[in-house]
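One structure below.
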Amino acid sequence: MHADLILTNGRVLTMDAGRPRAEAVALRAGRVQAVGTVAGLAHFVGPETRVIDVGGRTVLPGFVESHLHLVLGGAELTQLQLGGLHGMENLRAAFAEYAAANPDKALLMAQGAEYGILDHPVTRHDLDAVLPDRPIAMMAPDHHTVWANTAALTAAGLLHGAEMPHGHEVVMGEDGLATGELREFEAFGPVLALGGEAHLQLGIATGGEPDPWPDAAQRAADKDKIAAGLAHVAAHGITSMVNMDGNRYTLTLLSEMEAEGRLTARVKVPFHFKPHMDLAELDRAEAMTRDFNSEMVCSGFVKMFQDGVIDSRTAYMLHDYPGKPGHRAEPLFTPDRFKQICTEIDRRGLQIAVHAIGDGAVRVTIDGYEAAALANGSRDLRHRIEHIELIDRADIPRLGALGITASVQPPHPPGVMDFPMEPTMTTGFPRHRHRDAYLWRTLKDHGAPVAYASDWPVTDVSIMRGLQAALTRVPYGDDCADERLDLMETLHAYTAGGAWAAHWEGLTGRLVPGLAGDVVVIDGDLESIPAESYGKTGIALTICAGQITFDGGILA
């Protein structure tokens, strides 16, 4: 049978061990029809076949983004972007321009405010000096801290403080009023709600659902935000993603978009289990898994947060933070309860993904997975740990032994891409622990499957910039190992490795006949381009399920 589309004259890296390289790929009915030489695929060309000569460019399976936040990222695209900006005058100028362009916004929200954006900890008084008469707030890149001015705190009902769940904090000053720093989702949720998007935050903030359920008009507006996010990730070659926050409402929006022909990537969405929940809430996770199970929209896993982040010193550590004797933060779940939760999720046959950044949080998470395996027997559920920014040496071999996936992010190590070295490497890690930070190669060498991601919008979603970060990273000191994977291992972690980690290996991640027609064409030959130039190398074409979702100019 003739193909619908053939990509020819390419340097095809299939990520299939049986046939790792080829020259051409034929697609039919949304699937890979054939992979081979230019001459070998000639007989698939018919009168209706579209043939695209890719001119020696690299052709790969569509990228699998193993950890991002699609809905939040799409919604943030229109907000003020502060990445790389420092100093009060620059901050004042940026907000002034944004405020003038958005006179009717109830909240002027900014993204990407580094912890060191000013030369001192940010307070509401600093932001009052930026703009006193309208509610303004800015989010840290890690999305775990927000700073708000007095107007925003007042409007959100937080100026005099508020009772918060464990691990979430409205930081209070000596004057009995909020300082402006809000740590973790439930603390800054009331400020974000001023912008009218609180219902989109529920998946990550509370694990709950909108009440009342949004009407058709609200859902249409929300779907437009998702569509903006989808277009953004398609431009970076992404065809599948694990959306690390969400709820039934998220799945409903995506399913509606699928029915409308607007869903341009595969999306997996979790049930978010929070510390306050009873185990019976897992019935909701099972219902989501049962009710949403297409090739484009699915669930099947439970997400939890075990700790916060290093820069706000909410990541749970086994040892004291530098300069803060006695402070290690705490796990969000007590170890015994976490073991009970993991055992029950595992018993129900659901995958588990846990945000764990500090070495204490990583250990508690491994212990929970180990308890589940002891109780239920080892099964192929592929539980995963997200981030693993610091790990104790004794815990490294446990990931491989238990089959735990290391879901890690090449853009995250300070000094590698957009995150500065300071204050993280001084206030977050004792110098002698730098050798235990961001250990991708070490974890892989000890048997842990590795999946790569960006955590967008925490960092730039660009896979090409992530590739550069992954392959150009240098050790933090003479006592630190080279933690890079090589090019093919790195590409595997962004394709077949990510697909396997999401239980998608029978659907996508490799260019093999019968699997999904998910393809990305890189605007150059990856094997001849210096790694230092990857971030400037564009995406020529993105195809999901046989449909072109992004054209970088190759079709002109």
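The values are calculated or read from the model by the stated rules, or taken from the named source; none is laboratory data. Bear in mind the structure is a predicted one, so any value in this text is a computation, not a measurement. In this analysis, Cβ positions are derived from the backbone assuming ideal geometry, glycine residues included, and neighbour counts consider all displayed protein chains.
Observations on the model:
- Only one of the listed residues (A152, A113, A156, A162) is in contact (Cβ under 8 Å) with a residue 24 or more places away in the chain and more than 25 Å from P457 (Cα to Cα). That residue is A162.
- The numbered conditions (1) under 21 Å from H276 (Cβ atoms); (2) out of contact with any strand residue (DSSP E or B) (no Cβ under 7 Å at 6 or more places or on another chain); (3) small (G, A, S); (4) surrounded by 21 or more Cβ atoms within 10 Å (Cβ to Cβ) are all true for A187 except (2).
- If you check R219, R134, R124 for being among the basic types (K, R), modelled with pLDDT of 95 or more and closer than 30 Å to G261 by Cβ, only one passes: R219.
- Qualifying residue in the stretch 351-366 (condition: surrounded by fewer than 21 Cβ atoms within 10 Å (Cβ to Cβ) and not β-branched (V, I, T)): no
- Test: residue in the stretch 457-475 that is aliphatic (A, V, I, L, M) and touching a strand residue (DSSP E or B) at 6+ places or on another chain (Cβ under 6 Å): yes
- The set of residues in the stretch 194-239 being of a type in the set (A, V, I, L, M, F, W, C) and buried (at least 18 other Cβ atoms within 10 Å of the Cβ) consists of L194, L200, L202, I204, A205, I226, L230, V233, A234, I238.
- Test: residue in the stretch 339-350 that is among the small types (G, A, S) and in contact with an Asp or Glu (Cβ under 7 Å, 6 or more places away or on another chain): no
- Matching residues, the stretch 390-445, being in contact with a strand residue (DSSP E or B) (Cβ under 7 Å, 6 or more places away or on another chain), in contact (Cβ under 8 Å) with a residue 60 or more places away in the chain and among the aromatic types (F, W, Y): F429
- Criterion violated by R379 - all others in (1) buried (at least 19 other Cβ atoms within 10 Å of the Cβ); (2) within 18 Å of A353 (Cβ to Cβ); (3) of a type in the set (K, R) satisfied: (1)
Residues checked against (1) more than 18 Å from the chain's Cα centre (by Cα); (2) more than 30 Å from P423 (Cα to Cα); (3) surrounded by fewer than 19 Cβ atoms within 10 Å (Cβ to Cβ); (4) modelled with pLDDT under 95:
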| site | (1), (2), (3), (4) |
| --- | --- |
| E281 | yes, yes, yes, no |
| F292 | yes, yes, no, no |
| C298 | no, yes, no, no |
| F305 | no, no, no, no |
| Y316 | yes, no, no, no |
| P325 | yes, no, yes, no |
| K339 | yes, yes, no, no |
| C342 | yes, yes, no, no |
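- Residue count for the stretch 507-531 under the criterion of being in contact (Cβ under 8 Å) with a residue 24 or more places away in the chain and part of a loop (DSSP other than H, G, I, E, B): the result is 16.
- Restricting the stretch 435-488 to residues that are surrounded by fewer than 18 Cβ atoms within 10 Å (Cβ to Cβ) and acidic (D, E), the residue that is nearest to the chain's Cα centre (by Cα) is D486.
- Any hit, the stretch 282-293, residues being closer than 19 Å to S407 by Cα and either part of a helix (DSSP H, G or I) or in the same structural domain as R363 (by TED's automatic domain parsing) (or both): no
- Residue list for the stretch 497-514, restricted to those being aliphatic (A, V, I, L, M), farther than 19 Å from V269 by Cβ and within 17 Å of the chain's Cα centre (by Cα): none
- Flag not set for V233, criterion: under 16 Å from T145 (Cα atoms) and modelled with pLDDT of 95 or more.
- Residue in the stretch 58-81 that is farther than 19 Å from H143 by Cβ and small (G, A, S) present: yes
- Boolean, S378 is under 25 Å from N293 (Cβ atoms), assigned to a loop (DSSP other than H, G, I, E, B), hydroxyl-bearing (S, T, Y) and in contact (Cβ under 8 Å) with a residue 12 or more places away in the chain: yes
- Residues of the stretch 6-34 that turn out to be under 18 Å from E48 (Cα atoms) and more than 28 Å from the chain's Cα centre (by Cα), as a count: 11
- Yes/no for A178 being touching a Phe, Trp or Tyr at 6+ places or on another chain (Cβ under 6 Å) and among the small types (G, A, S): no
- G56 vs. criteria part of a loop (DSSP other than H, G, I, E, B) and in contact with a strand residue (DSSP E or B) (Cβ under 7 Å, 6 or more places away or on another chain): yes
- For the stretch 503-512, the set of residues classified as farther than 18 Å from N9 by Cα and either surrounded by fewer than 18 Cβ atoms within 10 Å (Cβ to Cβ) or touching a strand residue (DSSP E or B) at 6+ places or on another chain (Cβ under 6 Å) (or both) consists of H503, E505, G506, L507, T508, G509, R510, listed by residue number.
- Residues in the stretch 412-426 that are crowded, with 16+ Cβ neighbours inside 10 Å and assigned to a helix (DSSP H, G or I): T424, M425.
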